[in-house]
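Student: This structure is in structure tokens; I'll ask about it shortly.
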Amino acid sequence: METTRQQKIARLIQKDLADILRQETAKTHGVIISVTAVRISPDLSIAKAYLSIFPPAKAQEILESLTHSAKTIRYDLAQRVRFQLRKCPELAFYLDDSLDYIENIDNLLKADAAQHPAASEAAEKAE
């Protein structure tokens, strides 16, 4: 259970981190990085940032690059939040695969509807 303070700091870090990553990826055309969530530890020392990267083919390469440059990103983040936080947390980047998971479920439901058309018609009538 996150405290209110953890939630506020997570939102602050998410907003500023997204802005930093947007500026960095403006140099590389065709890549979009979204910060989907930030989870912060109870002692406010570690922030886990979950990223959604488009195109997915380059996701692992970009994630490794971000992990390698985490210290410079942390410095940029610290410059932005220096009046709100005493100490900027360590950053850990993770790939958020929830969109892929949702797409997989959607594809499975479509395949099931194609195999059982009577069940999908009954579901549409119920709505």
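Student: For the range 56-102, what are the residues that are in the same structural domain as residue 18 (by TED's automatic domain parsing) and among the β-branched types (Val, Ile, Thr)?
Tutor: 62, 67, 72, 73, 81
Student: Please report, ordered by residue number, the strands (runs of 3 or more DSSP E) entirely within the range 32-101 with at least 1 residues that are in contact (Cβ under 8 Å) with a residue 12 or more places away in the chain, under 15 Å from residue 8 (Cα atoms) and basic (Lys, Arg).
Tutor: Answer list for the range 32-101: 32-40, 46-54.
Student: Take residue 59 and tell me if it is buried (at least 17 other Cβ atoms within 10 Å of the Cβ) and modelled with pLDDT under 90.
Tutor: Considered against the rule, which asks whether it is buried (at least 17 other Cβ atoms within 10 Å of the Cβ) and modelled with pLDDT under 90, residue 59 comes out as yes.
Student: Quick check on my filter: what residues within the range 1-34 are among the aliphatic types (A, V, I, L, M) and touching a strand residue (DSSP E or B) at 6+ places or on another chain (Cβ under 6 Å)?
Tutor: Correct list: 9, 10, 13, 17, 18, 21, 32, 33.
The values are calculated or read from the model by the stated rules, or taken from the named source; none is laboratory data. The model shown is predicted, which means the values in this text are computed figures rather than measured ones. No Cβ is skipped: glycine too gets one built from the backbone with ideal geometry, and neighbour counts run over all protein chains shown.
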